[in-house]
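Remarks on the structure that follows.
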């Protein structure tokens, strides 16, 4: 199998070289007059697309008489631009495939010859790499004859490298035509970068306004003949567009400052970046000098590279390297010197020991400290109540001593004892006041509460009892709701406000149980109190747990007590929560509600298991329904 592969490769290679019949190729003759300077190049074109167009025009004219004919090049434009070049000496012999190692440069359909052989004739054949078997005539054969230039002095009239000044008028001359004195203004064919310029037929090409796109590789052809044969004379001219010479001195872009920070004992890179304006015949100069007292010398080890180059200016960077910065280098002057034909520019640099490391550490430490203070302040602001309660826990202070008060707080709420309330089993103000407040504030944190229905003996005058209870309490807790604000219990809040104006030890706490609107009939003093007194918002099930923020805020406003029994309860509290279902299931019948027609029925009512279970199921959603 391996032998068959080698045979196939040998067959293909043989077809490429010896087996290629180029007798049907279109043939052209070119003459290259090579000067003694030996600096110019020569260019050949593989005009397969032009061959395709000419054949199509010829067949369209003769199709009526000769019938259909085969098209020599049937490939696409892309296929015809990808070609393979071959060369063959005049004496004959096999075709030589031009590859990358040969002294030629290929660019699509263009072949540039770099090293010609004097007084020689070579044939160059090109054909597309991708082709059909019947496209045997799809190729171009160019017979190139290289002759030396007879008149050496004529080379100065039209050079193979010409320069055009941007923004001005100019002309491009054909170099070979200037050396042929017997040729009288023949018709020219011009190419630019391999593209035909059909608008130019004369020599020279006159341009009214020069732009940068006029720069490129130009090729000029004209026909010469004698009595025997004719051939095409070709010359190549490289055109470069330039700007006017600058009239300013070089500009040193870097370094900008006069002092550079260095670290002793370490290597240091010293760059000098300079911008030069365009000058046609002047070469830019950049150097680094070292000055020490009366001595001056140039730094010989450097690296120079071109950073940017345009038509108007170029930027060059000249870099020197200090292997080790010593203390002596700090007293020296380093001078960057840049020069063009207009003048020179210098920049003197001194090295300074870097002291910014310690400062950086100090700045970093101060920044970390500042961030820490801000974070601590934010945490303290957010948890200020917890911090105050923690300080109260460990501080042996009790403001309830010798104040002649009996209760820590009086709890005022709207009485919801009605058949509708009992049927729904909702989480009402009554449940909050009679169950959750005693469970948390009394049993957990050791406060003494006064509940009117629980702690006041029935039979007294309601208004007198309320005033007496408030006077004997250190705090007044008022659970606000639409029923409370619009009901008779708002009298308790009004009485407490009046008493607080006289008794400075009495503090009032408002609990916003539900949203409500203030009625117009509300006393002015009560309206004022609703705006200035501290208010804690009840958030439903989120506030039930004894460790919730609701109870933390309540304790913050409660009096400070030093009780050994409850001192560390809040630190050791297990987050097991307080189930409102459990509270409702275990609550006892309450009585003593003044101004309530159902109080007697409530005292004689014995809840059975079925009613208690229904109340537990409706409890969690009852608060949402009420508010």
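The values are calculated or read from the model by the stated rules, or taken from the named source; none is laboratory data. Nothing here was measured: the structure is a model prediction, and the numbers come from that model. Glycine gets a Cβ as well: all are built from the backbone with ideal geometry, and neighbour counts include every protein chain shown.
Things worth noting here:
- Test: residue in segment 448-458 that is assigned to a helix (DSSP H, G or I), in contact (Cβ under 8 Å) with a residue 24 or more places away in the chain and closer than 20 Å to residue 483 by Cα: yes
- Residue count, segment 190-200 (criterion: modelled with pLDDT under 90 and under 20 Å from residue 159 (Cα atoms)): 2
- For the residues 525, 541, the requirement of being over 30 Å from residue 404 (Cβ atoms), at pLDDT below 90 and surrounded by fewer than 17 Cβ atoms within 10 Å (Cβ to Cβ) singles out 541.
- Checklist (1) at pLDDT 90 or above; (2) surrounded by 17 or more Cβ atoms within 10 Å (Cβ to Cβ) applied to residue 421, failing item: (1)
- Within segment 437-447, being in a helix (DSSP H, G or I) and surrounded by fewer than 20 Cβ atoms within 10 Å (Cβ to Cβ) holds for 438, 439, 442.
- The residue that is surrounded by the most Cβ atoms within 10 Å (Cβ to Cβ), among those in segment 465-498 that are free of Cβ contacts under 8 Å to residues at least 60 places away in the same chain, touching a helix residue (DSSP H, G or I) at 6+ places or on another chain (Cβ under 7 Å) and closer than 18 Å to residue 455 by Cβ, is 466.
- Test: residue 306 is modelled with pLDDT of 85 or more, closer than 24 Å to residue 247 by Cα and within 42 Å of the chain's Cα centre (by Cα): yes
- Filter result for residue 513 (over 57 Å from the mean Cα position of the chain (by Cα), over 21 Å from residue 405 (Cα atoms) and modelled with pLDDT of 90 or more): no
- Residue list for segment 258-284, restricted to those being over 14 Å from residue 317 (Cβ atoms), surrounded by fewer than 16 Cβ atoms within 10 Å (Cβ to Cβ) and in contact with a strand residue (DSSP E or B) (Cβ under 8 Å, 6 or more places away or on another chain): 258, 259, 260, 261, 263, 264, 267, 280
- Residue 416 fulfils the conditions (1) in a helix (DSSP H, G or I); (2) at pLDDT below 90; (3) surrounded by 13 or more Cβ atoms within 10 Å (Cβ to Cβ); (4) in the same structural domain as residue 508 (by TED's automatic domain parsing) except for a single criterion, (1).
- Count of residues meeting criterion [surrounded by 13 or more Cβ atoms within 10 Å (Cβ to Cβ), under 17 Å from residue 264 (Cα atoms) and at pLDDT 90 or above] in segment 343-367: 3
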